[in-house]
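The values are calculated or read from the model by the stated rules, or taken from the named source; none is laboratory data. Here the structure is a predicted model, which is why all the values come from computation and not from measurement. As a convention, Cβ positions derive from the backbone with ideal geometry for all residues, glycine included, and neighbour counts pool all protein chains shown.
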Amino acid sequence: MAAAGAVPVIRRYLSLPVTAALAAVAGLAFHRVFGFGPVLPVVAAAALVPTLLSAALSGPRREGRCWPLWISLVLTVAAWAGTAAVTVLRPALADGTFPHALREGVLGSWKSILTTLLPAPAEPRLLVLVHVLVWLAAFGSAELALRTSLRAAPCLPALAVFGIALLLGVDGPGSNLPPAAAAVVLIAVLVLVRSPSPGSAAWRPLLLGVPAAAVLGALALLAGPYVPVGADPYDPREQVQAPPPQQRDGVSPLDRVGGWLLTPDQVLFTVKASRRENMRLAVLDRFDGVTWSSTARFVPTGSRVPRPPEGDGAGAAKRRTAVQEITVRDLPGVWAPAADRPRRVDGLGVVVDPASGTLAVARELRKGQTYRVTSEIRELTAGDLAAARVATDAEARAATRLPWGPGATRAPVQLAEFRRFAEGATDGASSPVQRAAMLAVHLKSYARYDVTAPPGHSYRQLDYFLSEGRRGTPEHFAASYAVLARSLGLPTRVMVGFSGGRAAGDVRDMRAGDVMVWPEVKFEGLGWVPFNPTPQQASRSKQSDSVAAGETQQKLEQLQKNAASQQRGTGAGKTPQAPAATPAREESPLPWWVYAASAAGLLAAAYVAAVLLAPALRRRRRRRAGTPAARIAGAWRQTLDHLGDLGLATARTLTAHEVARFGTGRLGERAMRHLGPLADLVNHTRYAPGPPHPNAAERAWEHTDELGRLVTAEAGRLRRLRRRLHPRSLRRDRP
């Protein structure tokens with residue numbers, strides 16, 4: 001520990017507001033984890049209380065000595081527990097779960113945060129981590145400020161907390177650049193406050209240094225976005241294993257379809273939105289030969305749903321935002337409906353599968369629950385579909401598998417039949433999209449819709465549906481399409497959701513009869529594209545006031561019909577796929593130095609052009625001057641320019657014949673044959689009573705041109721070019 005008198009006592013106490021502010025700024029860096037709203041009150045209490053406690057217990061007393069550190073440690077632990085109980089853990093204190101919440105918050109909150117999609121829910125057990133870290137930072141900084149003479153050491157605990165916040169907030173919304181700039185300012189102020197100054201100059205460093213620190217922070221804030229970063233930040237989530245997926249529902253939504261269709265008027269949920277869209281409920285991407293199931297790996301989230309992974313259409317196609325308010329009525333299970341790709345969920349605690357965007361709840365949905373979903377709706381165009389190619393990533397390869405079935409030792413005979421059926425339905429298709437669209441159109445006209453058809457989607461049941469029964473529910477049409485498409489190598493999955501509904505203003509009642517099952521095929525760059533192989537009657541419930549399917553889905557189906565009706569080729573697999581136009585790729589913005597280098601290059605080129613062009617224009621202007629006297633004067637100025645390349649610095653104090661003697665000395669007597677007569681013409685023009693004859697101007701320029709050739713031979717073209725590149729070449733006339 002440093003000597004007690006190195007930093008005056010008053011300066012030690014003046015350091016405490018700065019250390020408290022620094023601890024608070026470090027705590028605000030957790031806004032990328034929870035948001036500013038939940039973090040701000042927690043940080044305020046955790047930064048202020050321990051600072052006041054340290055000021056009361058650890059300040060220098062008689063003879064510069066402080067109370068023992070252990071007293072502060074014991075009391076700050078008790079004070080922290082009491083403060084946490086009445087602030088962040090007050091709900092747990094009220095329901096009697098305070099000890100459990102305290103233990104889980106201190107020991108397990110960090111792992112829960114690392115396995116939750118940010119922003120994390122503002123639960124007390126998670127906010128305890130922020131409270132304890134900021135408390136420790138404020139306490140440690142205050143103790144160092146009061147008990148040591150080190151200038152910058154009190155900022156270290158807050159910087160440690162800031163680093164933890166950065167790690168836990170990777171991939172969270174927002175930016176920590178403003179807190180970082182504020183931390184830079186506070187550290188500079190802390191060093192200034194703790195810098196000893198003699199006598200009357202004690203406040204001079206503060207008066208001069210605090211504005212400088214503010215400028216430093218502003219520069220850090222402005223320069224931060226332009227600092228080049230060569231790699232993605234380290235994400236500790238990659239090192240933490242997420243909890244294993246849990247069985248979310250004992251009954252698959254696909255198995256509920258048959259029962260829902262038999263009670264078509266039962267209202268399952270309502271949707272309030274400005275536009276109608278198809279509602280997704282569950283994504284089923286694994287088929288074992290008997291049942292379709294989901295491989296979703298659900299993780300908790302506060303509200304945000306991440307964008308789809310690269311290759312799943314994250315940057316493809318036009319997108320628009322749709323906001324829906326959903327109220328649960330009689331919808332069973334744990335799957336939460338939403339339109340297309342959800343991006344944010346408010347009002348309901350959900351878990352989400354980052355790969356598919358599927359939403360679920362921890363416990364079964366209850367009647368009356370209301371939540372708000374913000375989704376991104378893709379709007380594919382004919383150009384998007386024309387350029388689509390079948391995806392080949394790991395997820396797509398898994399979506400082409402057709403297992404033999406549980407316990408089977410050989411391939412079922414139905415697989416070969418499915419392959420022949422699919423090839424016949426898509427005969428003549430010349431692209432993957434056309435093949436997928438033709439298969440959907442064929443199934444629509446091949447079988448009829450019948451809600452009384454026996455449910456089931458195993459190989460045997462699908463074979464009966466396609467060969468003998470030829471009547472079924474959306475379950476049969478979608479499951480058949482998925483199996484047939486997989487037999488052609490198209491990666492396919494099955495979606496369960498709802499389409500249509502009974503409209504009353506901007507609210508729609510989604511009933512059991514509005515249930516819909518449809519397949520999706522994955523294409524490179526577009527992600528999963530829905531197809532509808534079910535006859536039109538299946539997309540309406542039995543009431544006459546049912547509305548049509550979602551507007552986006554209607555447009556997509558029309559594009560697919562157009563693709564299916566295009567002129568067929570010579571056969572599937574025989575006609576090579578026409579090279580598709582590569583979708584325009586959005587160019588990333590160029591860095592600033594590219595623009596700076598381009599501007600510098602343009603300026604340099606403009607300068608070279610100017611210094612090379614200016615002498616030629618000047619010579620032309622001089623030679624075409626109005627009167628013979630002006631043309632002779634121009635010839636003389638041109639001669640001075642030539643002689644400047646030989647070292648003639650100035651002719652301001654020299655007569656014409658003195659200039660001629662200088663040129664003769666450098667070029668020899670041959671130059672005198674031109675310089676002598678030219679000097680006489682100049683003197684005659686200046687001092688003769690009458691104007692010179694026009695022929696005299698022509699003779700003057702002949703002498704000047706010959707002199708220029710002599711100078712070039714003597715000085716060399718390279719030297720003359722270097723002199724032309726000098727800025728003096730831009731002057732109008734030499735003196």
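Numbers below:
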| read-out | value |
| --- | --- |
| Which numbered condition residue 524 misses (of (1) touching a Lys or Arg at 6+ places or on another chain (Cβ under 7 Å); (2) over 27 Å from residue 427 (Cβ atoms)) | (2) |
| Residue list for segment 304-319, filter: modelled with pLDDT under 85 and either in a loop (DSSP other than H, G, I, E, B) or of a type in the set (Phe, Trp, Tyr) (or both) | 306, 307, 308, 309, 310, 311, 312, 313, 314, 315, 316, 317 |
| Any chance residue 424 is over 26 Å from residue 280 (Cβ atoms) and without any contact (Cβ under 8 Å) to a residue 40 or more places away in the chain | yes |
| Conditions (1) within 26 Å of residue 457 (Cβ to Cβ); (2) in contact (Cβ under 8 Å) with a residue 60 or more places away in the chain: number failed by residue 503 | (1) |
| Residue check for residue 460: out of contact with any Ser or Thr (no Cβ under 6 Å at 6 or more places or on another chain) and not assigned by TED's automatic domain parsing to the domain that holds residue 258 | yes |
| Pick from segment 78-107, criterion more than 18 Å from residue 42 (Cβ to Cβ) and not hydroxyl-bearing (Ser, Thr, Tyr), ranking: modelled with the highest pLDDT | 78 |
| Residue in segment 608-619 that is assigned to a helix (DSSP H, G or I) and either of a type in the set (Ser, Thr, Tyr) or within 15 Å of residue 706 (Cβ to Cβ) (or both) present | yes |
| Failed condition for residue 441, given (1) over 29 Å from residue 524 (Cβ atoms); (2) at pLDDT 90 or above | (1) |
| Hits in segment 644-702 (condition: among the basic types (Lys, Arg), more than 21 Å from residue 714 (Cα to Cα) and either under 60 Å from the mean Cα position of the chain (by Cα) or in a helix (DSSP H, G or I) (or both)) | 686, 699 |
| Segments classed as helices (runs of 4 or more DSSP H), wholly inside segment 402-465, with at least 1 members that are acidic (Asp, Glu) | 414-425, 459-464 |
| Criterion: modelled with pLDDT of 65 or more and of a type outside the set (Lys, Arg) - qualifying residue of 213, 223, 202 | 223 |
| Entirely in segment 62-119, the helices (runs of 4 or more DSSP H) that have 1 or more residues that are in contact (Cβ under 8 Å) with a residue 40 or more places away in the chain | 69-86, 98-114 |
| Selected residue (criterion: surrounded by the most Cβ atoms within 10 Å (Cβ to Cβ)) from residues of segment 443-463 that are farther than 20 Å from residue 424 by Cα and touching a strand residue (DSSP E or B) at 6+ places or on another chain (Cβ under 8 Å) | 457 |
| Scope segment 10-59; condition of a type in the set (Ser, Thr, Tyr) and surrounded by fewer than 18 Cβ atoms within 10 Å (Cβ to Cβ); matching residues | 13 |
| Residues of segment 326-368 classified as of a type in the set (Val, Ile, Thr) and surrounded by 23 or more Cβ atoms within 10 Å (Cβ to Cβ), total | 5 |
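Residue by residue, here is whether (1) within 22 Å of the chain's Cα centre (by Cα); (2) in the same structural domain as residue 120 (by TED's automatic domain parsing); (3) in a loop (DSSP other than H, G, I, E, B) holds:
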position: 332; (1), (2), (3): no, no, yes
position: 348; (1), (2), (3): no, no, yes
position: 355; (1), (2), (3): yes, no, yes
position: 365; (1), (2), (3): no, no, yes
position: 374; (1), (2), (3): yes, no, no
